[in-house]
1. Provide the gained length on full extension for the span residue 139 to residue 154, in nm with one decimal, where the gain is 0.36 nm per separating residue minus the Cα-Cα distance.
2. Among 177, 109, rank each residue by its count of other Cβ atoms within 10 Å, from fewest to most, as a rough exposure measure.
3. Once label points are set 7 Å from the Cα along Cα→Cβ at both residue 223 and residue 102, what is their separation, rounded to one decimal in nm?
4. Full-extension gain between residue 123 and residue 161, please, as 0.36 nm times their residue separation minus the C-alpha to C-alpha distance.
5. By count of other Cβ within 10 Å, fewest leading, how are 134, 143 ordered?
6. At 0.36 nm per residue, and after removing the present C-alpha to C-alpha distance, how many nm does the segment from residue 267 to residue 250 gain when stretched out fully?
7. Using the number of other C-beta atoms within 10 angstrom as an exposure proxy, rank 103, 188 with the fewest first.
8. Quickly work out the residue 146-to-residue 116 label distance, labels modelled 7 Å from Cα along the C-beta direction, and quote it in nm with one decimal.
């Protein structure tokens, strides 16, 4: 955990707490003044007194809104601190487990057998996050032969590409949610540059083109996804929708029926997917 950031966040949270207490005191003062004005000033001063009471009531409402904003700010800060704590604990756990793994497999790691080293390296990449494996590979390199150093250097590059893959997929999903389908398609296509047989990336790319209205391109990507993973539920669903959008209802119904026979819970997907029901209304038969 970054100690400086944590200290700064704690200090900022204390400032917000102080501001919150000030606002609560201000709220009490305004409410008391409003109560006094309503009880005594309004009857004595007539319309003018009523206006004063209304202004004080509005002021009290504004202060209450500010208090709610500060309470939300505090809750957000507390949530971030909890996330920081969880991240710190997870990071420490991963490091401990990685060191324990190296200790138990040091014979293979430093055996001089490139085949064994690659196998162990790949297990580590699949098991541990890159922020753990990358510095660990660097330390192993320092104690390895020149030939073995290349194995661990390659491991660092693989870990970095895995991080890039995760980032591009995440960015693409965000673009889909924000309906920036051009950006989504570009992110997923970048994934395919290094992982051309990734069925998920092919599906996401196809769906992005479907939302852009480029149905032929969408169908091409989705069919590639299904060639690799025939029972990919979302690729089956999205290809059905792409056929419907293009007016190829026979192909759409054929794809839908294949999926219903082979993909678990596909019928449920059809029931809950409003986009499918709208685009494929000519073949959608609920119940």
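Coordinate-derived values only; no laboratory data. Being a predicted model, the structure only gives us computed values, none of them experimental. Cβ sites come from the backbone with ideal geometry, for glycine too, and all protein chains shown count toward neighbours.
1. 4.0 nm
2. Fewest to most other Cβ atoms nearby, the residues stand as 177, 109.
3. So the label points at residue 223 and residue 102 sit 5.0 nm apart.
4. 12.1 nm
5. 143, 134
6. 4.3 nm
7. 103, 188
8. Simple spin-label model gives 2.3 nm for this pair.
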